[in-house]
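Below is one structure, written out as structure tokens, with a few remarks after it.
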Amino acid sequence: MAIDMAQLNRIHSLEGEIHAAELELKAIKERRTELVNDLPEYKELEAAQAAVKAASVKLKLAIQDDRELSVLNVDRGEVAYHLHDLREMLSHHLAAYTQDTARDVIKDSHGRNRQIEISAKLSKPGKRVLDQAKLPFSQHFGVRQVIAEAPAVKQLELSMENK
């Protein structure tokens, strides 16, 4: 198959034109950015954004210093953790109900038929399982408890004879 030199030259010519057009477009975009940055409205916007940022920092400091907000934040964490536990328990009971009855539909507390969707995933290492005793929220930090149901870890001693 012969190389068509005219076609190859046209390809190289188009590549050069494309490169020139890209450079021209880049220059136009840079010039536009410069003109926008020189507008007095843009300067006002920058000043307003700086004022908003300063006000945001002041608000964050005020929130940290407010005692009532701190108490509410702790309460929110406890309730959110409790809600998470309740949802895990409901999930566990729904899975057991499905296994025991072989049904995937249940009437909810409002009398509506609801479909039970079963999914599974492995939890992250160290996450509390449903059979494990629950600690109050305040005891989760800095307290280590031995899990009674955990299998004993066997330690292997390596000696020079085993090598």
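The values are calculated or read from the model by the stated rules, or taken from the named source; none is laboratory data. What you see is a predicted model, and the numbers here were worked out from it, not measured in a lab. Virtual Cβ from ideal backbone geometry, glycine too; neighbours counted across all protein chains shown. We work out accessible area using only protein heavy atoms, side chains counted, and drop any ligands, DNA or RNA first. Shrake-Rupley method; radii C 1.70, N 1.55, O 1.52, S 1.80 Å.
Sequentially through segment 119-126, phi angles give Karplus couplings (6.51, -1.76, 1.60; θ = phi - 60°) of 9, 9, 7, 7, 7, 5, x, x Hz, Gly and Pro residues having no value and appearing as x.
Reported value for segment 1-86: 207 Å³ per residue, from the convex hull of its C-alpha atoms. Distance between the C-alpha centres of segment 1-25 and segment 42-67: 53 Å, rounded to the whole angstrom. Within the accessible surface of segment 1-59, defined with a 1.4 Å probe on protein heavy atoms only, the carbon and sulfur portion equals 64 percent. Note on Lys53 and Lys127: the extension gain reaches 22.8 nm, defined as 0.36 nm multiplied by sequence separation minus the Cα-Cα distance.
Taking a 1.4 Å probe, which of Arg10, Arg87 shows the most accessible area, and what order do the others take after it? Don't skip to the end; give the middle numbers.
Working: Arg10 125, Arg87 155 Å².
Ranking Arg10, Arg87 by accessible area, largest first, yields Arg87, Arg10.
Restricting to DSSP loop positions (anything but H, G, I, E, B) with no more than 14 other Cβ atoms inside 10 Å of their own Cβ, which GluC sites (Glu not before Pro) remain in segment 38-134?
Values: sites: Glu41, Glu44, Glu46, Glu68, Glu78, Glu88, Glu117; in loops: Glu117.
Passing both the DSSP loop test and the Cβ count: Glu117.
Each residue of segment 108-115 was assigned a 3J(HN,Hα) from its phi angle through the Karplus expression (A = 6.51, B = -1.76, C = 1.60, θ = phi - 60°), giving 7, 5, 9, x, 8, 6, 10, 7 Hz with x at Gly and Pro.
Under 5 Å from the amide H of Arg114 lie the amide H atoms of Ile106, Lys107, Asp108, each residue being 5 or more positions distant or on a separate chain, with H modelled from the backbone and absent for Pro and chain starts.
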